[in-house]
Amino acid sequence: MGSTTTFFSPTPDRGRDPGEPTPPGMVTVPEGEFLLGEERRRLWISAFHIDSAPVTHREYAEFVAATGHPAPEYWNRGEFPPERADHPVVGVSIDDARAYARWRGKAIPTEEEWEKAARGSDGRTYPWGDLFSSERANVRGAGIRDTTPVGRFPTGKSPYGCVDMVGNVWEWTETAHDAAGRFLTLKGGSWYDVSSYARCAARFSARPDYRGSCVGFRCVKRIGSALPLVRILSGGPEIAPARPRAAPEAEAAAPAGLGAMLRIFDYGEERVLRERLDREIRDAEADLREGRAATARTKLKAVLDRDPGHPRAVGLLAGIPADATDRAPGPPAPSRADRLRRALATPRGRMASIAAATIFVSLLVLAAIPGGPAVDATPDLPAGPERPRPAAAGSAPRARSEPRREVPRERREPRRATAAAPEGMVEIPGGAFPFGPDRTLVDLPPFFIDRLEVTNDKYLEFVRATGHATPLHWIDGRIPGGQEAHPVTFVSFEDAAAYAEWAGKRLPAEEEWEKAAAGFSGWAYPWGESFETGRANIMLSLDDLANAPGIEPVGAHPSGASPFGVEDTVGNVLEWTTSWFDPDTRRVRVLKGGAWSLGREDGRIVARYGFFAPETRNEVIGFRCAQD
């Protein structure tokens, strides 16, 4: 059975009629109650008018021509791209937006004003209701990957008639995002973002001078007051939020943290960036140990340029004198040939060399005698596709296999399912394997796991058999055209667990998922220690999101299979596991495997994600099942 989209009728608030005509191009939001934020705090706000759409290039060009205000940098000689006349203007800072608003006799909305205009008084999740649809907003799931003319998605309008309140471009507000007021709150998500940012309650931050390709604005005109009046309905006092911007000199003096300077996504970019800085600091520490103080100082200053106040960088830099220089390198170590020549130059050295050669030849002769003792340096660990089995008696000696060394491609033939494995699953043999960033040996019993992620068509069978709700992006209960073989997405942890139970399976633990992805090898990726293009649906870098292909059919990258034949463990979609990311509080489950919208470092087998609550449903999360 298909789910139906929840609609809300745009009934006005029970507040007082503002008694003032609505200006052209704006809509009226009457005074009254509404629910704010993820926590749905009940507030009352005074009446106001708000632009029905974001400010467009055409409208902003009138302002530039009338006032001489600088045009956005991407305009060509002060002219906007003609084909984008009705697209939202972007590349504007909050000061640019304020200047436009003053010229129009308006202002920039606060977060409270913006959110009430977007979600009405009933606290709906999206402007149109509680179920997401990529046909109602220009977000990444719509597949457009650029701004669109305002109002292109009329069915996504808010209860008061505002279009593009979610998607298309983020919008500036006058509400501070941090206690110091150094960053302002952005609302609404953009064409660049996944649908979790399209929720009316979602918020983001940017420095006031930020000018990005995904940030625009709309204006408000208040009724009866210069600032909005907001009352907390739990008995708090009436408040008039002042403009929460720090003084220019204070703002310039306050260093920005990494998470606020850079565009941070909930699914791991900040962690990747911090790991990158940590690696650079480790390089600087190595330079210090080897006497390259000046080089270390340069690297640490580069880290602080990107993350002012980084504690390790600050501490290390403080210990380097301002006049420190790199120590001159000592004489090069003698080569092996030089050492041998020196040894043979003395009688004692010649005798020692002859004795060593005699012993070596004797060992070779003994090893070649039939029935002689076999040499086996293999550790006592379970045999697997990538770990050599003990040599049979009488065979040639076999050297120890290094756990993290690359294996030639011809020796990495994936191990397919045995006859005992259920259909669509592969067998993961029991035994110890290196788990987690510390590569701790963990012993697991044998189990089975799906070779591929659960697809939309498989999930449809479950929906038809049980009456379970369909994913949010399915329209009228139908799989989006051509996506039958894509991994199912917009499924919560509970949805995935329900499917697994129906199928007679279960969701895997994090340890099981890692072993299925890497086998006994301890590799960074299923195929080896280094990332290789073409083996996974994942970006080469986080700067390439606009060119990412989106979700692909399962099994599209067979060369990226794990040693056991498990595919798509890197990229495509993140996958639910039963493990707790925070075992003490048990609020968030571990997600594994990276996604199409993440960078290659996010696809490492040991990478783990704890940014999404178990009830999250979005287009970067899917799952596969396991079975004992």
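The values are calculated or read from the model by the stated rules, or taken from the named source; none is laboratory data. The structure presented is a predicted model; accordingly, all values stated were derived computationally and were not measured. No Cβ is skipped: glycine too gets one built from the backbone with ideal geometry, and neighbour counts run over all protein chains shown.
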Subset of the stretch 560-596, residues farther than 20 Å from residue 428 by Cβ and among the hydroxyl-bearing types (Ser, Thr, Tyr), comes to 585
Run down 590, 566 and say which single residue is closer than 19 Å to residue 488 by Cα, among the β-branched types (Val, Ile, Thr) and part of a loop (DSSP other than H, G, I, E, B). 566
With (1) modelled with pLDDT of 95 or more; (2) in contact with a helix residue (DSSP H, G or I) (Cβ under 6 Å, 6 or more places away or on another chain) as the list, and residue 36 as the residue in question, which single condition is left unmet? (1)
Residues to consider are 223, 281, 232, 320; find the one that is at pLDDT 65 or above and touching a Pro at 6+ places or on another chain (Cβ under 6 Å). 223
Counted residues in the stretch 47-76 being hydroxyl-bearing (Ser, Thr, Tyr) and under 15 Å from residue 160 (Cα atoms) come to 1
When the stretch 501-540 is checked residue by residue, the ones that are in a strand (DSSP E or B) and modelled with pLDDT under 90 are 537, 539
As an exercise: evaluate residue 618 against (1) within 23 Å of residue 455 (Cβ to Cβ); (2) not in a loop (DSSP other than H, G, I, E, B) and give the number of the one condition it does not meet. (2)
So residue 585 fits all but one of (1) farther than 16 Å from residue 508 by Cβ; (2) in contact (Cβ under 8 Å) with a residue 24 or more places away in the chain; what number is the exception? (2)
Inspect all residues belonging to the stretch 405-426 and state whether any of them is over 18 Å from residue 592 (Cβ atoms), at pLDDT 85 or above and within 32 Å of the chain's Cα centre (by Cα). yes
Looking at (1) in a loop (DSSP other than H, G, I, E, B); (2) touching a residue at least 40 places away in the same chain (Cβ under 8 Å), find the lone condition where residue 179 falls short. (2)
Please work out which residue is surrounded by the most Cβ atoms within 10 Å (Cβ to Cβ), limiting yourself to the stretch 577-587 and to residues that are assigned to a loop (DSSP other than H, G, I, E, B) and of a type outside the set (S, T, N, Q). 581
Just a yes or no: is a residue in the stretch 97-116 under 26 Å from the mean Cα position of the chain (by Cα), within 18 Å of residue 48 (Cβ to Cβ) and not polar (S, T, N, Q)? yes
Given (1) modelled with pLDDT of 95 or more; (2) surrounded by fewer than 19 Cβ atoms within 10 Å (Cβ to Cβ); (3) among the hydrophobic types (A, V, I, L, M, F, W, C), residue 496 misses just (2)
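Rundown of residues vs (1) out of contact with any helix residue (DSSP H, G or I) (no Cβ under 6 Å at 6 or more places or on another chain); (2) outside the structural domain of residue 517 (by TED's automatic domain parsing); (3) within 23 Å of residue 568 (Cα to Cα), yes/no style:
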| position | (1), (2), (3) |
| --- | --- |
| 434 | yes, no, yes |
| 448 | yes, no, yes |
| 454 | yes, no, yes |
| 458 | yes, no, yes |
| 467 | yes, no, no |
| 470 | no, no, no |
| 476 | yes, no, no |
When you scan the stretch 192-204, do you find a residue that is in the same structural domain as residue 49 (by TED's automatic domain parsing), touching a Leu at 6+ places or on another chain (Cβ under 6 Å) and either modelled with pLDDT under 90 or not aromatic (Phe, Trp, Tyr) (or both), even just one? yes
Considering only the stretch 441-451, I want to know if a residue exists there that is at pLDDT 95 or above, crowded, with 20+ Cβ neighbours inside 10 Å and in a loop (DSSP other than H, G, I, E, B). yes
